[in-house]
Amino acid sequence: MELGTILATAGAAVAVLFAGFGSAIGVGMAGQAAAGVVSEDPDRFGNCLVMQLLPGTQGIYGLLIGIVIALQAGLMSAGGASLSTELGMRYLIAGMPIAFGGFVSAIYQGKVACAGINMIAKRPTESGKGMVMAIMVETYAILALLISFLLVIGIG
Amino acid sequence: MIVPMKRLSLAAMQADEERLLEALQKIGTVEIIGILEDPTEAERSENALSRLQKLNDSMEAIKPFAPKKSFFTPQKREISLAEIRHETERAATVADSIESLLHEKSALSGEREKLLAQKEDLLPWINLNAPMDSIRNTKRVSYFVGFCAQKDLGKLDEQEFLEAQFVSDGTDLATIIACRSEDSRVAQNFLKSIEWTDYAFPKSSDTPCDAIRKIDERLAQIQTEVEKIENNVMVYSEQLELLENAADLTVIDLDRMEAKHELTHTNTAFLLEGWVREDCVEQTEDAVRSVTQAYSFEVREPNEDEIPPSVVKNNRIVAPFEEVQTLYSRPDPYGIDGTPYMTPFYILLFGLMLSDTGYGILLALGALAYIKIKKPTGMSGGISRVLAWGGLSTAIWGIFVGSFFGISRTPASGAIFDNVSAFFDRIGIFPVWLDPMKDSMQMLALCMGLGILHMVSGYLIKAIEFFKRGDWKSAIVDELSWVMIILGLVIGFLPTIAGMAGMTVNLPVTVTQPAVIAAGVGAVLILLFKGRNAPKFFGKVTGGLGELYNITGVLSDVLSYARLFALGIATGVIGQVFNTLCAMLMQGKSIAGQIVGGAISIILLILLHTFNLAINTLGAFVHCARLQYVEFYGRFYEAGGRAFRPLAYNTKHIQVTK
């Protein structure tokens with residue numbers, strides 16, 4: 001198998017892996033906080049669930065880039081593609097922004113979501129504000145997704 | 001628009017007070033301002049409070065057993081106050097019965113806790129085969145009962161005058177020590193020197209083993225009694241609606257009682273001070289007149305030091321978006337209501353973020369069905385209407401970018417999906433404008449172009465507001481100068497920017513040159529006049545420079561609109577990926593495989609697309625809100641109004657029919 005194909009596979013894997021790691025950590029933290037609040041006041045479940053979901057999007061962005069890389073590089077076709085080392089390297093690097101942008105932003109978004117969930121416990125009517133604060137962090141995952149996407153599409 | 005508020009002073013006879021407040025509460029147009037507190041009224045409201053507490057406790061107890069409300073029942077049932085008042089007696093009886101059952105239950109659980117603690121205490125002694133009260137000092141023998149640490153066993157054995165018997169094992173051994181009465185003092189001192197904890201048996205003629213057995217029997221008995229009580233509570237679960245009605249009525253009455261504290265009373269009359277919406281003054285006076293003729297009703301403009309609550313009023317299309325604005329902050333009562341300006345942008349940008357015709361139709365229909373069936377009010381009512389509009393916009397954008405449940409005109413997923421693509425291709429509707437996968441730079445340019453339009457509108461709204469206030473200097477220097485800079489730069493360099501995105505745009509020099517000049521004029525305006533209000537020369541100079549440096553902020557705000565594109569592809573591409581996965585399942589080698597795969601993939605498709613729609617709707621909702629709050633409202637909005645809280649029916653479970 002060509003080294004390029006292996007590198008492209010690594011690019012797809014890294015994008016899904018790290019963005020997924022981050023989201024798992026973020027959603028996990030937020031889930032713990034949410035369970036605490038819901039144990040006191042079960043009616044808050046809906047609001048808390050939405051907050052818990054917010055750090056989960058990075059994992060989806062990672063999956064998106066992973067699949068786009070796989071499709072574009074022909075990794076999913078039977079027999080496997082054969083890519084030059086340079087091309088494979090480009091796919092690997094194109095996966096990096098969402099891998100690490102997603103990883104770090106999901107963790108921090110999870111922390112903001114935790115704080116937002118605590119806010120829901122004290123002031124249930126202000127849950128929208130907590131959501132907007134958490135979304136501010138996600139901006140950077142979206143920027144990373146955008147660049148990863150453009151880079152992959154750009155390889156053509 | 002912002003509704004102007006009036007100060008109301010209403011004076012009337014005390015004999016009419018209750019009926020007047022009832023009438024005002026019914027129309028819900030007056031917010032009462034508290035002046036003095038009347039302690040006798042506080043007592044009456046305490047009664048109502050304890051009644052409410054009792055109702056809430058009972059509701060909490062029977063709620064788990066109550067029949068589940070079907071999806072088709074509205075959020076709040078419609079009922080008149082008279083109907084509820086008719087049933088308050090019955091509700092009170094039910095609540096009393098439930099509460100006495102709950103009391104019994106809590107007494108039993110208290111006893112259970114105590115018994116469990118006793119059992120825990122006795123467990124180490126379970127091997128002692130003597131009645132517990134037989135171990136007590138006699139004339140000749142003294143007993144010591146307690147726990148001895150394992151490491152001190154040796155020391156205990158060394159004592160000749162003691163006879164020790166160990167009942168349990170472990171690190172702390174349950175131990176009974178006997179000695180002659182005359183040695184008891186010595187024994188006591190010895191026990192102090194080792195690790196020894198005294199223990200006293202409960203007064204009982206049973207052996208520990210028997211005592212534990214009796215405790216277990218009683219525990220089982222308690223368990224059955226608790227179950228019996230729970231069954232009795234469950235019988236009342238049918239009465240949940242009755243209690244909910246009564247609780248809401250109590251809250252309504254309580255609000256009125258609390259309003260009474262806030263009134264000023266003389267011997268025979270009372271004075272009510274409050275806020276009333278300008279457009280509701282007449283309605284309010286009519287309500288007063290319907291109760292009594294003996295009143296004085298005066299409204300006036302608020303004084304400078306009186307800050308009115310902030311109320312906005314809009315037409316039916318815009319009104320739901322007030323909830324999006326409220327999530328940020330209510331407008332300053334003397335500022336601008338941003339809702340009418342934000343609404344078209346919200347609908348436009350929301351649709352671009354989801355941009356899938358299938359999802360859009362589903363979202364719009366779902367939201368409409370929710371509104372029709374659940375009749376939501378307040379925040380959830382507003383947001384479901386916002387989503388209905390967003391769904392419509394999503395469906396239209398989906399046509400422009402060519403996506404229907406992730407299927408586009410170019411075959412991508414395989415199996416049946418390619419047939420759908422071919423069908424779209426044949427009727428020629430998809431994509432009529434831009435394919436984000438191929439024309440990503442154009443798509444990005446579109447998003448940022450919309451962003452620039454959005455931001456420039458923000459500056460213009462503020463400029464118009466300044467002109468209205470007669471402050472033309474601020475309008476030109478602070479706002480229009482930025483419009484000139486932004487639009488001038490964009491138009492002036494459009495051919496260059498478009499070239500970078502791989503497009504060719506030709507503008508004649510007669511257009512680009514004046515545009516660049518306009519941008520320059522804007523910059524000069526800012527440099528020269530921005531610091532005009534600074535007291536010193538130094539401040540005048542740096543003020544302009546500092547403001548001009550904000551161009552970096554404007555630039556990053558424009559880039560922030562790239563999220564429109566990114567979220568758009570996130571929806572479309574993920575949808576397409578789900579289709580591709582299911583297409584693989586459908587293409588089984590044998591007929592049986594194809595049937596099974598097809599059945600599984602239909603279920604999967606429904607689940608996966610629902611998930612994709614839900615998570616991306618959430619994303620579109622909040623990201624679109626963020627674009628409004630930061631990039632748009634940041635340019636003109638004055639936040640910080642407080643909510644208008646009129647005396648009205650603040651109910652949780654019912655909608656009062658008038």
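Add +1 for every Lys or Arg and -1 for every Asp or Glu among the other residues with Cβ under 13 Å from the Cβ of B:Ser70, and state the total.
+4
Considering only protein heavy atoms and a probe of 1.4 Å, how much of the accessible area of region B:77-176 is carbon and sulfur, as a whole percent?
49 percent
Suppose we compare each residue of region A:137-155 in its chain alone and in the full protein complex with a 1.4 Å probe; which ones drop by at least 20 Å² of accessible area?
A:Thr139, A:Ile142, A:Leu143, A:Leu145, A:Leu146, A:Phe149, A:Leu150, A:Ile153
For the charge dipole of chain B, defined by +1 on Lys and Arg C-beta atoms and -1 on Asp and Glu C-beta atoms about the Cα centroid, which residue among B:Val630, B:Ile361, B:Ile84 has the Cα displaced farthest towards the positive pole?
Positive-most Cα among the choices belongs to B:Ile361.
With every protein chain kept in place and ligands, DNA and RNA left out, what is the accessible area per residue of region A:3-155? Probe 1.4 Å, answer in Å².
41 Å²
Given all pairs of different Cα atoms, what value in angstroms does the Kirkwood hydrodynamic radius of region B:5-142 take?
22.2 Å
How large is the Rg to Rh ratio of chain B when both quantities use alpha carbon positions and Rh follows Kirkwood?
Ratio of gyration radius to Kirkwood radius for chain B: 1.16.
Would you mind telling me the share, in percent, of accessible area of region A:3-155 contributed by carbon and sulfur at probe 1.4 angstrom?
70 percent
Write out the chymotrypsin sites (Phe, Trp or Tyr not before Pro) in region B:151-214 meeting two conditions: DSSP loop, and at most 13 other Cβ atoms within 10 Å of their Cβ.
Qualifying residues, ordered by number: B:Phe161.
What residues of region B:323-347 lose no less than 40 Å² of accessible area with every protein chain in place versus their chain by itself (probe 1.4 Å, heavy atoms only)?
B:Leu327
When only alpha-carbon atoms are used, what values of Rg and Dmax, in angstrom, describe region B:319-641?
Rg, Dmax (Cα atoms, Å): 23.7, 87.
Roll a 1.4 Å probe over the protein chains and send me the accessible area per residue for region B:1-130 in Å².
Spelled out: the 1.4 Å probe surface of region B:1-130, per residue, equals 59 Å².
In the protein assembly as shown, with Lys and Arg counted as +1 and Asp and Glu as -1 at Cβ, which of these residues, B:Thr266, B:Ala395, B:Gln14, has the Cα nearest the positive end of the dipole, that is, farthest along it?
B:Ala395
I'd like the mean, over residues of A:33-46, of how many other protein chain beta carbons sit within 10 Å of each residue's own Cβ.
Across the residues of A:33-46, the mean count of other-chain Cβ atoms within 10 Å is 0.
How about region B:54-150: which trypsin sites (Lys or Arg not before Pro) there are in a DSSP loop, with at most 14 other Cβ atoms within 10 Å of their Cβ?
Within region B:54-150, the qualifying trypsin sites (Lys or Arg not before Pro) (loop, at most 14 other Cβ atoms within 10 Å) are B:Lys68, B:Lys69, B:Arg136, B:Lys139, B:Arg140.
Charges only on Cβ, +1 for Lys and Arg, -1 for Asp and Glu: so what's the dipole of the protein assembly as shown about the Cα centre, in debye to the nearest 20?
For the protein assembly as shown, the charge dipole is close to 2600 debye.
With viscosity set to 1.306 mPa s at 10 °C, what whole-number translational diffusion coefficient in µm²/s follows for region A:3-155 from Stokes-Einstein and a Kirkwood radius over Cα pairs?
It comes out at roughly 99 µm²/s.
Counting protein heavy atoms only and a 1.4 angstrom probe, how many square angstrom of accessible surface do chains A and B bury in total, to the nearest 100?
Adding both sides of the contact gives about 2400 Å².
For region B:144-151, just list the computed ³J(HN,Hα) in residue order, Karplus coefficients 6.51, -1.76 and 1.60, θ = phi - 60°, integers in Hz, with x standing in for Gly and Pro.
10, 10, x, 10, 10, 5, 3, 5
Sticking with the crude label model, points 7 Å out along Cα→Cβ, report the distance from B:Cys209 to B:Leu115 in nm, one decimal please.
Using points 7 Å along Cα→Cβ, the separation is 2.1 nm.
Could you compute the net charge surrounding B:Phe201? Neighbours are other residues with a C-beta less than 13 Å from the C-beta of B:Phe201; K and R count +1, D and E count -1.
-3
So which trypsin sites (Lys or Arg not before Pro) in region B:290-353 are both in a DSSP loop and have at most 12 other Cβ atoms within 10 Å of their Cβ?
Loop-located and lightly packed - B:Arg316.
If I fit a long axis through the Cα atoms of helix A:85-122 and take the longest principal axis of the Cα atoms of chain A, what angle between them do I get, 0 to 90°, rounded to 10?
With both axes taken from Cα atoms, the answer is about 0 degrees.
State to the nearest 20 debye the size of the charge dipole of chain B about its Cα centre, where the only charges are +1 on K and R beta carbons and -1 on D and E beta carbons.
2520 debye
Over region B:319-641, what percent of the accessible surface lies on carbon and sulfur atoms, probe 1.4 Å?
73 percent
Just round it to a whole percent: the fraction of Cα-Cα distances in the protein assembly as shown exceeding 36 Å.
Cα-Cα pairs of the protein assembly as shown separated by over 36 Å account for 64 percent.
Local charge sum around A:Phe103 (other residues, Cβ-Cβ under 15 Å, Lys/Arg +1, Asp/Glu -1)?
Here the count lands on 0.
List, in the order given, every pair from B:Lys76/B:Lys105; B:Lys473/B:Lys540; B:Lys54/B:Lys114; B:Lys54/B:Lys105; B:Lys468/B:Lys536; B:Lys54/B:Lys375 whose Cα-Cα distance in the structure shown is over 22 Å.
B:Lys76/B:Lys105; B:Lys54/B:Lys114; B:Lys468/B:Lys536; B:Lys54/B:Lys375
Taking the highest mean first, how do the peptides B:340-346, B:268-274, B:289-295, B:439-445 order by number of other beta carbon atoms within 10 angstrom per residue?
Highest mean packing first, the order is B:340-346, B:439-445, B:268-274, B:289-295.
In chain B, if the dipole is taken from +1 on Lys/Arg beta carbons and -1 on Asp/Glu beta carbons about the Cα centre, which of B:Gly381, B:Leu564, B:Val312 is farthest to the positive end?
Farthest along the dipole direction, towards plus: B:Leu564.
From the protein chains alone at 1.4 Å, what is the descending order of accessible area for B:Asp332, B:Asp157, B:Asp169, largest first?
Highest to lowest solvent-accessible surface, that is B:Asp169, B:Asp157, B:Asp332.
The values are calculated or read from the model by the stated rules, or taken from the named source; none is laboratory data. These figures come from a predicted structure and were not determined experimentally. Cβ atoms come from the backbone with ideal geometry, glycine included; neighbour counts cover every protein chain shown. Note: accessible area is taken over every heavy atom of the protein model, side chains too, but ligands, DNA and RNA are not part of it. Shrake-Rupley method; radii C 1.70, N 1.55, O 1.52, S 1.80 Å.
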